[in-house]
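Trainee: Questions regarding the structure given below will be posed in turn.
What follows draws every value from the coordinates through simple rules; no lab data is involved. Remember, predicted model here, so these are calculated numbers, not experimental data. Counting neighbours? That spans all protein chains shown, and the Cβs are built from the backbone with ideal geometry, glycine included.
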């Protein structure tokens, strides 16, 4: 499981573009919370499962013009299992 | 934006503003096809100074714009109406996306009030193209047009280039307003590679005994061919190339071992499987180049140079990643002579061992020989566009390219139907070039209507149609991997292509014997205006060598290892 916090511009299709990329690159979306930042942008907190690297997904998301910042949560293992989504906390 | 209350302020329509913005971005030529929702833009086109080329299918317009963009390294521009016009562009947009080609696509759209109502010719082209564009816009306010268009061009052309779509609703294209204040965009950020990474790359390459370089399409896209050649000359490292990297090193250069991959040359594939350091420059480990990934270059430490951080370790882990401008990176990697003389001698020996042979058995015209003759007889300004299939691989294997821009091939998407519109795009971008489209009997029918475009604008495009009365590459796979169970590959009822060309007003000739080739090529190249040479070839001819799916690159099937010839 990878958990990412994505800051995006509030442009046409920006959320779809990021979510579409995630699924298209074979990361299975497990949860997604969309919020607003103080400056009118959007934040997305997503958890995805995949055998592929979270860092690669981060770099693929960063290519999108609408994406301003991506933070990848370190993977936590709890009782031998990947942790469920942990709240990332608001940073704005 | 509302109309200015001051009558002295000149009002412009959204369409005029869009065209002004195209011109400001240096656009001279556009490819397209009009229709309902984009009529205001076509209205503004008249007398605008932009030269519009009417293709006969929107896919032709998109693929012509792709080739124009490849040739000039500036965004090719295409436009079409909403609905079917827009969906017909999709293949061309995907083609540009897969090969990192700068392109700006403008689609008409139903008025904003009708968006989402299933209006006539409404389709969500913005949504449809999300996976295949670098970025896209829906224009919602004419005041945003100058900035939006500038940004579209900057994105399309900057970094790793790609297509950018501008969806233009009809009410926005007809809205009137004062010319918005124009603020030029700051220049795009230029990613310079990390000097430490360059130093590490030099060290690792300096330690190599058996180094090899893969030249990829990114070198051409980033205008780094000269820097690459200087790097190659400095290091003396043998060079192979991907399909899109052909011509980065001149084909006849001593250090060039040929194209690698599924239909690559034996020398290249053996070199790549035996190297101990692999420098990958502007290439992305495509499966057609690597064969089975797990066994690709099994003992190599990889140095990967690319402008796109998302390509690093996507498929093959890079020990050293140099991210940023390729020319700067290549200028900085100076390990001194890399590798041993015995390795270079081994590569030279492989080149000799696997040199192409043209003494094919059989009485018919041997297409590889015809293509070799074409590229060696022709003037230096020859540009070849290809379609997709056996002929495309033969062009890659047997034609000589001294400049990568002399070879336009649909690499990533493998779009049958690319060749003819691509020839149109190149001829308009480079009117002085001798443009030859090499096509097949399957591919040419995918965009045969573009013969009308060639005739309409009297574009001196030369067409070589290699006709094996079959979907040759599919037939080859059915022969080799599907127990000769031939399924829907027979095209023996093809139309009379020479007659088809004549019907479009394009002179043609048909040949079927080896003795006719020289005179026919001479006729084709010296004919004034467009011409088509129809060449009948053996339907059972295959492309060799072939790395079968799931195999490493050094396990190449040759003609004599297949069941039948």
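Trainee: Kirkwood hydrodynamic radius of segment B:244-289 from all distinct Cα pairs, in Å?
Mentor: 11.3 Å
Trainee: A follow-up question, please. Please list B:117-128, B:179-190 highest first by mean number of surrounding beta-carbon atoms within 10 Å per residue.
Mentor: B:117-128, B:179-190
Trainee: In Å³ and rounded to a whole number, note down the convex hull volume per residue for the Cα atoms of segment B:121-184.
Mentor: Convex hull of Cα atoms, per residue: 76 Å³.
Trainee: Based on the Kirkwood radius over alpha-carbon pairs, what value in µm²/s does the Stokes-Einstein equation return for the translational diffusion coefficient of segment B:332-461 at 10 °C and 1.306 mPa s?
Mentor: Translational diffusion coefficient: 95 µm²/s.
Trainee: Just to be sure I understand the model, the point goes 7 Å from the Cα along the line to the Cβ. What's the resulting residue A:34 to residue A:62 distance in nm?
Mentor: Using points 7 Å along Cα→Cβ, the separation is 2.5 nm.
Trainee: Could you tell me whether the protein assembly as shown comes out rounded, prolate or oblate from its Cα gyration tensor? Rule is a ≥ b ≥ c as square roots of the eigenvalues, rounded for a/c under 1.5, then prolate if a/b exceeds b/c, otherwise oblate.
Mentor: Oblate.
Trainee: Can you give the % of DSSP beta bridges in segment B:386-504 that are antiparallel, to the nearest 5?
Mentor: Of those bridges, close to 10 percent are antiparallel.
Trainee: I've got another one for you. Mind jotting down the distance between the C-alpha centroids of segment B:388-424 and segment B:293-307, whole Å?
Mentor: So the separation of the two Cα centres works out to 26 Å.
Trainee: Further question: How far, in degrees from 0 to 90, does helix B:367-377 lean away from the longest principal axis of the Cα atoms of chain B, to the nearest 10?
Mentor: 70 degrees
Trainee: Starting from the exponent 0.38 and prefactor 2.2 Å, build the expected Rg for segment B:367-545 from its residue count and divide its actual Cα Rg by it.
Mentor: 0.96
Trainee: Oh, and also: Give me the percent of DSSP beta bridges within segment B:11-178 that run antiparallel, rounded to the nearest 5.
Mentor: Roughly 10 percent of the beta bridges in segment B:11-178 run antiparallel, per DSSP.
Trainee: Across peptide B:297-309, how many C-beta atoms of other chains are within 10 Å of each residue C-beta, on average?
Mentor: Mean shielding by partner chains, rounded to a whole number: 1.
Trainee: For segment B:163-272, compute Rh as the Kirkwood radius over C-alpha pairs and then the Stokes-Einstein diffusion coefficient at 20 °C and 1.002 mPa s; write the answer in µm²/s, rounded to an integer.
Mentor: Reported coefficient: 121 µm²/s.
Trainee: Something else now. Apply the Kirkwood formula to segment B:422-480: the hydrodynamic radius equals the inverse of the mean of 1/r over all pairs of different alpha-carbon atoms; give it in Å with one decimal.
Mentor: Evaluated on segment B:422-480, it is 12.7 Å.
Trainee: Next up: If I take all pairs of Cα atoms in segment B:478-565, what percentage of them are more than 18 Å from each other?
Mentor: 62 percent
Trainee: Need one number: % antiparallel among DSSP beta bridges in the protein assembly as shown, to the nearest 5.
Mentor: Given both bridge residues lie in the protein assembly as shown, the antiparallel proportion sits at roughly 30 percent.
Trainee: Also: Run the helix sum for chain B: -39,500 (n - 2.57) per DSSP H stretch of 4+ residues, divided by residue count, reported at 222 nm to the nearest 500 deg cm²/dmol.
Mentor: -10000 deg cm²/dmol
Trainee: What average count of beta carbons from other chains do you get within 10 Å of the Cβ of residues in A:11-23?
Mentor: Per-residue shielding by partner chains comes out at 3.
Trainee: Over all directions, average the projected area of the Cα convex hull of segment B:1-101 and note it in nm².
Mentor: Mean projected area of the Cα convex hull: 7.4 nm².
Trainee: How big is the Rg/Rh ratio for segment B:275-324, C-alpha atoms only, Rh by Kirkwood, two decimals?
Mentor: Rounded to two decimals, Rg over Rh is 0.92.
Trainee: Okay, next question. Residue by residue through B:116-129, how many Cβ atoms from other chains fall within 10 Å of the Cβ on average?
Mentor: Per residue, the average neighbour count from other chains is 1.
Trainee: Same structure, new question: Students often check this: by mean Cβ neighbours within 10 Å, which of B:460-468, B:534-542 ranks highest, and how do the rest follow?
Mentor: The peptides rank, most packed first, as B:460-468, B:534-542.
Trainee: Using only the Cα atoms of segment B:340-380, build the gyration tensor, take square roots of its eigenvalues as a ≥ b ≥ c, and label the shape rounded, prolate or oblate: rounded if a/c is under 1.5, else prolate if a/b is larger than b/c, else oblate.
Mentor: In terms of gyration-tensor shape, oblate.
Trainee: Under the rule a/c < 1.5 gives rounded, and otherwise a/b versus b/c splits prolate from oblate, where does chain B land using the Cα gyration tensor?
Mentor: oblate
Trainee: With only alpha-carbon pairs counted, each pair once and no self-pairs, how large is the Kirkwood hydrodynamic radius of segment A:2-74 in angstroms?
Mentor: 11.9 Å
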